[in-house]
Amino acid sequence: MSTGDRWLDHRAGPVVRPYALTAGRTSPSAGPVLDLITLVAASGGPPSARALEGLAPEHQQILRLCAEAITLADIASAIALPVGVARILVGDLMEAGLVEIYQRAPGPEQPSTDLLREVLDGLRAL
Amino acid sequence: MAFAPSEAAAGPPLAVLKVLVAGGFGAGKTTMVGAISEVRPLTTEEVLTSASVGQDDLTGVGNKTTTTVAMDFGRITIGRHLVMYLFGTPGQPRFRFMWDELAYGALGAVVLADTRRLSDSFPAVDYFEGRNLPFVVAINCFNGVESHDPQDVRVALDLDPSVPALMCDARRTDSVRNVLVALVEHVMTGRARAGAGQ
Ligand SMILES: Nc1nc2c(ncn2[C@@H]2O[C@H](COP(=O)(O)OP(=O)(O)OP(=O)(O)O)[C@@H](O)[C@H]2O)c(=O)[nH]1
Ligand SMILES: [Mg+2]
């Protein structure tokens with residue numbers, strides 16, 4: 001499928017930014033739920049010119065940000081769009097195989113006690 | 001496979017932690033996040049119920065009506081591979097929808113209590129108790145009420161004896177740091193206790 005016209009279809013009718021970017025969708029189409037601190041990264045290293053071609057500017061911007069693992073919250077803040085919109089756009093890139101989850105938000109057993117000690121030492125040294 | 005971020009290539013994976021800063025209107029959330037981290041703009045959307053429609057600047061999305069809500073968003077880099085994210089959220093029950101997302105995978109929370117309006121912290125205390133999310137109560141020392149006794153606040157909020165309550169000045173980095181240290185220690189104590197009880 002050409003990625004070009006998937007991003008902005010015309011069925012959604014007149015929607016107001018920022019949802020125009022998501023073709024009127026208010027939740028991601030599929031895939032795992034991305035938490036605010038889930039780290040995502042570009043699947044194949046820095047995006048090639050070819051990968052960027054045909055993508056909406058916002059998708060391109062996110063793909064560039066994902067050259068290094070980055071959280072959803074940092075992406076939303078960097079592109080100045082609401083978290084929900086950023087989540088949908090990142091979901092699009094995941095569906096297209098351009099971005100993947102680098103590390104999920106920690107589960108209830110995490111972070112480890114060792115890591116917490118490190119956090120304490122780090123905080124005390126601030 | 002995703003490639004590792006360059007500076008972490010040889011080290012352990014980047015570790016991220018999430019801490020919530022909750023509290024009533026004007027309790028000092030933005031001040032607290034700003035005192036210890038670089039605050040960045042971050043917004044989320046609220047889907048409005050018909051009851052709240054008409055109060056805010058609205059954007060129609062199909063049959064859903066949303067408005068944008070600003071969150072306090074700060075990050076503290078600890079060492080090379082560790083980042084603690086702080087999210088400050090409005091404390092009114094109307095913003096519960098944000099708390100669910102924020103509480104998911106969170107290390108814990110700070111409830112900012114303004115002694116002039118203690119009841120504003122009830123919803124946050126109830127919420128974190130209900131979700132078993134470790135939290136500490138930071139009693140913000142506004143001018144003129146510094147002499148407030150934490151014990152009075154504990155009683156007023158009906159805090160479990162294990163929940164730390166400490167005085168703080170949300171404008172001071174060292175004071176906010178002490179609150180975060182208390183939270184991390186509280187998380188560790190809770191774990192040790194859970195481990196011992198098994
Ligand atoms: N004296 C004193 N003033 C404080 C302290 N913390 C915050 N303030 C002041 O109280 C006011 C409200 O603080 P904010 O940080 O904006 O509170 P908030 O919880 O973010 O408020 P909302 O986002 O409107 O709910 C500001 O004018 C702060 O400068 C404190 O510890 N001591
Ligand atoms: Mg604020």
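Things worth noting here:
- If the condition is being of a type in the set (A, V, I, L, M, F, W, C), in contact with a strand residue (DSSP E or B) (Cβ under 6 Å, 6 or more places away or on another chain) and within 16 Å of ligand 1 (Cβ to nearest atom), then segment B:12-35 contributes B:Val19, B:Leu20, B:Val21, B:Ala22, B:Ala27, B:Met32, B:Val33.
- Restricting the search to helices (runs of 4 or more DSSP H) fully inside segment A:68-126 and requiring at least 2 residues that are in contact with an Asp or Glu (Cβ under 7 Å, 6 or more places away or on another chain) and closer than 15 Å to B:Val83 by Cα gives an empty result.
- Evaluation of A:Val33 against (1) more than 8 Å from chain B (Cβ to nearest Cβ); (2) open to solvent by less than 10 Å² (accessible area, probe 1.4 Å); (3) not in a helix (DSSP H, G or I) (one fails), failing number: (2)
- Residue match in segment A:99-113 (condition: among the β-branched types (Val, Ile, Thr), more than 9 Å from every other protein chain (Cβ to nearest Cβ) and touching a helix residue (DSSP H, G or I) at 6+ places or on another chain (Cβ under 9 Å)): no
- Residues satisfying the stated conditions in segment B:68-96, i.e. open to solvent by less than 10 Å² (accessible area, probe 1.4 Å) and closer than 29 Å to B:Ser119 by Cβ: B:Phe73, B:Gly74, B:Tyr85, B:Leu86, B:Phe87, B:Gly88, B:Thr89, B:Gly91
The values are calculated or read from the model by the stated rules, or taken from the named source; none is laboratory data. Note that the structure is predicted; figures quoted are calculated from it, not measured. Positions of Cβ are backbone-derived with ideal geometry, glycine not excepted, and every protein chain shown enters the neighbour counts. Each accessible area value is taken on the protein alone, full model and side chains, heavy atoms only, with ligands, DNA and RNA left out. Shrake-Rupley method; radii C 1.70, N 1.55, O 1.52, S 1.80 Å.
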